[in-house]
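Q: Below are the structure tokens for one structure; questions will follow.
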Amino acid sequence: MQINILGAGSWGSALAIACSKVADVTIWSHQVEHAQFMCATRNNPNYLPAEIGFANNVSFSSDLDQCLSANLIIIATPLNAIRQVLRQIKTISAKIPDLLLVSKGFEAHTGLLPHQIIEQELPGFKRYGLLIGPSFAKEVAQGLPTAISLVAPELDFAVSWMEKLQDIPNFRIYAHDDVVGSEVGAAVKNVLAIAVGISDGLQLGYNARAALITRSLNELASLVLALGGKRETIYGLTGIGDLILTCTGDLSRNRTVGQELALGRSIEEIVKNLGHVAEGVSTAREIYLKAQILKIEMPIVASVYRIIYEHAEIKQEVFGLLSRQPKPEFLNA
């Protein structure tokens, strides 16, 4: 079996290491020098610890044409590069292999989810899915136990690839078909993790963290249901599972953004120093606008949006959340 990974960042590298346990793998990088470096050193220290190396059955390329001959292609680029990659694929290849996406969020300026981008760029193409859930790339690369969802519009496709990948050690895959619910949960939790990071950075305590995560789940649920996702997905791996991990894990880039904001650093400085993508920063705007259009109350998301894009005073936003009009807990407050 041949599995090729498009994208040589932390997730692309981690998935290459995991998939190499059950298949031959090629990692594609759009930078020739990066592909050559990984080939020579057998690691990717800009994204994963240097001691984590690639197996001998992992190869590297900067030639996209060469990477399209595979049983499965995993697109592990940032969300806003997916459209361009799909256009390149359909230009090069008349027969498109099975695809899995791992990017999360809403596309900037269009507000589209990943599956909607595929539907626009590859009309009628159904052999695709998403591999998302509570997982840090570093821990996947280290082989630590992970449970993740393989979600596809056609359940048979999801089950088929779940079975083909089931022998990856410590990498438990669950298949289902709620694409919208999973994508929305995976996107929203990144913004909510920024809020929890702010709370932790201000040292507001564990009680505040628990309250924020619980009320964050309510906001996540509101958007999932409004966009057509299933209620049960909210309480699965791509809902509460991903939310808990991203809000509490020290490896969470989005939580780190919140902690740094609480220390008074500008968002521009934080993003520059982070060096890697923190999806919640760009996604905050898209989710805020979508909530406005759908007339959904998402006060935590709105506060994060104002802090990032309107430079609102953090302590004032915290006070605003704490002083909202009391409502019954279970009436979509």
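Q: I'd like to know if segment 199-207 contains one or more residues that are under 21 Å from the mean Cα position of the chain (by Cα) and either under 18 Å from Ile240 (Cα atoms) or part of a helix (DSSP H, G or I) (or both).
A: Taking every residue of segment 199-207 in turn, none turns out to be under 21 Å from the mean Cα position of the chain (by Cα) and either under 18 Å from Ile240 (Cα atoms) or part of a helix (DSSP H, G or I) (or both).
Q: A further question follows. Go through segment 1-29 residue by residue and tally those that are in contact with a strand residue (DSSP E or B) (Cβ under 9 Å, 6 or more places away or on another chain) and assigned to a loop (DSSP other than H, G, I, E, B).
A: Number of matching residues: 8.
Q: Which ones in segment 223-243 are crowded, with 20+ Cβ neighbours inside 10 Å and assigned to a helix (DSSP H, G or I)?
A: Across segment 223-243, the qualifying residues are Leu223, Val224, Thr233, Ile234, Leu237, Thr238, Gly239, Ile240, Asp242, Leu243.
Q: If you take the residues of segment 34-89 that are touching a Cys at 6+ places or on another chain (Cβ under 9 Å) and within 24 Å of Ala186 (Cβ to Cβ), which of them is surrounded by the fewest Cβ atoms within 10 Å (Cβ to Cβ)?
A: Per the stated criteria, the residue is Leu72.
Q: Taking the condition modelled with pLDDT of 95 or more and either of a type in the set (S, T, N, Q) or under 16 Å from the mean Cα position of the chain (by Cα) (or both), does Ser69 pass?
A: Taking the combined requirement at face value, the residue does not satisfy it.
Q: Tell me, which residue of segment 99-141 that is within 16 Å of the chain's Cα centre (by Cα) and free of Cβ contacts under 8 Å to residues at least 12 places away in the same chain is nearest to Arg87 (Cα to Cα)?
A: Only one residue tops the list, namely Gln116.
Q: If only one of Ala158, Ala195, Ala141, Ala211 is at pLDDT below 95 and part of a helix (DSSP H, G or I), which one is it? Even if it seems obvious, please write down each step before you answer.
A: Working: Ala158 fails: at pLDDT below 95; Ala195 fails: at pLDDT below 95; Ala141 fails: at pLDDT below 95.
The match here is Ala211.
The rows are residues; the columns are (1) closer than 20 Å to Thr246 by Cβ; (2) in contact with a strand residue (DSSP E or B) (Cβ under 7 Å, 6 or more places away or on another chain).
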| position | (1), (2) |
| --- | --- |
| Lys104 | yes, yes |
| Pro114 | yes, yes |
| Ala152 | no, yes |
| Glu163 | no, no |
| Ile168 | no, no |
| Ile173 | yes, yes |
| Asp178 | yes, yes |
| Ser182 | yes, yes |
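Q: Further, regarding this structure: When you go through Ile92, Ile17 one by one, which is the residue that is surrounded by 15 or more Cβ atoms within 10 Å (Cβ to Cβ), in contact (Cβ under 8 Å) with a residue 12 or more places away in the chain and aliphatic (A, V, I, L, M)? Break it down into steps so the answer makes sense when it comes.
A: Details: Ile92 fails: surrounded by 15 or more Cβ atoms within 10 Å (Cβ to Cβ).
After applying the criteria, what remains is Ile17.
Q: Take the conditions at pLDDT 95 or above, crowded, with 18+ Cβ neighbours inside 10 Å and either touching a Phe, Trp or Tyr at 6+ places or on another chain (Cβ under 9 Å) or of a type in the set (A, V, I, L, M, F, W, C) (or both) and apply them to Leu122. Does it pass?
A: Values: at pLDDT 95 or above: yes; crowded, with 18+ Cβ neighbours inside 10 Å: no; either touching a Phe, Trp or Tyr at 6+ places or on another chain (Cβ under 9 Å) or of a type in the set (A, V, I, L, M, F, W, C) (or both): yes.
In short, no.
Q: Could you tell me whether Val184 is surrounded by 16 or more Cβ atoms within 10 Å (Cβ to Cβ), under 19 Å from Ile132 (Cα atoms), at pLDDT 95 or above and among the hydrophobic types (A, V, I, L, M, F, W, C)? Can you show your working first?
A: Details: surrounded by 16 or more Cβ atoms within 10 Å (Cβ to Cβ): yes; under 19 Å from Ile132 (Cα atoms): yes; at pLDDT 95 or above: yes; among the hydrophobic types (A, V, I, L, M, F, W, C): yes.
Yes.
Q: Could you list all residues from segment 34-46 that are at negative phi, at pLDDT 95 or above and not β-branched (Val, Ile, Thr)? Please lay out each step first, then the result.
A: So the first thing to find is which residues in segment 34-46 are at negative phi, and the list is 34-41, 43-46.
Going one step further and asking which of them are at pLDDT 95 or above, we end up with 34-41, 43-45.
His34, Ala35, Gln36, Phe37, Met38, Cys39, Ala40, Asn43, Asn44, Pro45 - these are the residues of segment 34-46 that are at negative phi, at pLDDT 95 or above and not β-branched (Val, Ile, Thr).
Q: Here are Ile89, Ile82, Ile173, Ile148: which of them is within 18 Å of the chain's Cα centre (by Cα) and in a helix (DSSP H, G or I)?
A: Ile82
Q: Counting only residues that are outside any helix (DSSP H, G or I) and crowded, with 16+ Cβ neighbours inside 10 Å, which one in segment 266-284 is modelled with the highest pLDDT? First the steps, then the outcome.
A: Step one: list which residues in segment 266-284 are outside any helix (DSSP H, G or I), which gives 266, 275-278.
Imposing the further condition that a residue be crowded, with 16+ Cβ neighbours inside 10 Å reduces the set to 277-278.
Values: Val277: 69, Ala278: 77.
That would be Ala278.
Q: Testing Tyr47 on (1) in contact (Cβ under 8 Å) with a residue 60 or more places away in the chain; (2) assigned to a loop (DSSP other than H, G, I, E, B); (3) in contact with a strand residue (DSSP E or B) (Cβ under 9 Å, 6 or more places away or on another chain), one condition comes back false. Which one is that?
A: (3)
Q: Tally up the residues in segment 244-265 that are surrounded by fewer than 22 Cβ atoms within 10 Å (Cβ to Cβ) and assigned to a loop (DSSP other than H, G, I, E, B), please.
A: Within segment 244-265, residues that are surrounded by fewer than 22 Cβ atoms within 10 Å (Cβ to Cβ) and assigned to a loop (DSSP other than H, G, I, E, B) number 6.
The values are calculated or read from the model by the stated rules, or taken from the named source; none is laboratory data. Keep in mind that what you see is a predicted model, and the values were worked out from it rather than measured. Note: ideal-geometry Cβ built from the backbone for every residue, glycine included; neighbour counts use all protein chains shown.
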